[in-house]
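For reference, the structure is listed below as structure tokens.
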Amino acid sequence: MSMKPLLPLMAALALAACAGGPSGVEVTRFHLAQPLAGQTINVTLPEGGAAGDLEYGARAAAVAAELARAGFQPVAAGQPAALSASFRLESSSREEQRASPFSIGIGGMTGGRNVGIGGGMNIPVGRGSVRTITLATLSLQIRRVSDGSVQWEGRASETMQGSNLTAAVPRLARALLSNFPGKSGETVRVKPAA
């Protein structure tokens, strides 16, 4: 069997796979070009946050882990540190209807004496599915404890399937703090880590 009829189908499937994959995290950072990495830092509670909140605790731990990866020395909340980090997680979601993956193809042809006319159509079978698409944004600000001045701040945004924001925090924090401190004022797209 010749491979020629399969080539357009294989190309279409490859394109569909690319379109459905993660497009990366959009990251923007601003800073004063001061050396910060290596200093002690603690992750502070946001306004109205509760110290015993398990969801906040998981998110704060993920941010602290990425700060350590970037070269900081995280200390427990409430302990003395040279720097403090505060973060905010925001999201907006929408539902997207997906067509049914199954369809029936109907075709026909008519003609005579060396002339032919053909046509066809696909009819979807069954109901499509609904999926949730979420735009998640993690904002992070690092301040000097001694005078409260902002030394570095950034934002990382990603469009993802589903609405599990806590699971998205490690990925967003890693993208945001990659190549710390990053170029100030520049928006870049960071591919998610494998």
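Could you grab me the full set of residues in the range 132-148 that are open to solvent by 40 Å² or more (accessible area, probe 1.4 Å) and under 23 Å from ASN42 (Cβ atoms)?
Hits for the range 132-148 are GLN141, ARG143, ARG144, VAL145, SER146, ASP147.
If I filter the range 165-192 down to residues being surrounded by fewer than 15 Cβ atoms within 10 Å (Cβ to Cβ) and within 11 Å of the chain's Cα centre (by Cα), which single residue comes out as farthest from GLU90 (Cα to Cα)?
By that ranking, first place goes to LYS191.
Table: residues versus (1) in a helix (DSSP H, G or I); (2) at pLDDT below 95; (3) more than 26 Å from MET160 (Cβ to Cβ).
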residue: LEU36; (1), (2), (3): no, yes, yes
residue: ILE41; (1), (2), (3): no, no, yes
residue: GLY48; (1), (2), (3): no, yes, no
residue: GLU55; (1), (2), (3): yes, yes, no
residue: ALA58; (1), (2), (3): yes, yes, no
residue: ALA61; (1), (2), (3): yes, yes, no
residue: ALA65; (1), (2), (3): yes, no, no
residue: SER86; (1), (2), (3): no, yes, no
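Does the range 157-165 include one or more residues that are over 17 Å from VAL27 (Cα atoms), in a strand (DSSP E or B) and at pLDDT 65 or above?
yes
Of the residues in the range 67-81, how many are open to solvent by 40 Å² or more (accessible area, probe 1.4 Å), closer than 14 Å to LEU36 by Cα and outside any helix (DSSP H, G or I)? It would help to see each step written out before you state the result.
Let us first name the residues in the range 67-81 that are open to solvent by 40 Å² or more (accessible area, probe 1.4 Å), namely 68-69, 73-80.
Restricting the remaining residues to those that are closer than 14 Å to LEU36 by Cα gives 68-69, 73-74.
From the residues that got through so far, the ones that are outside any helix (DSSP H, G or I) too are 73-74.
Final tally of qualifying residues: 2.
The values are calculated or read from the model by the stated rules, or taken from the named source; none is laboratory data. Please read these numbers as outputs of a predicted model, since none were measured by experiment. Positions of Cβ are generated from backbone atoms using ideal geometry, with glycine treated the same way; all protein chains shown enter the neighbour counts. Just the protein is used for accessible areas: all its heavy atoms, side chains included, with ligands, DNA and RNA removed. Shrake-Rupley method; radii C 1.70, N 1.55, O 1.52, S 1.80 Å.
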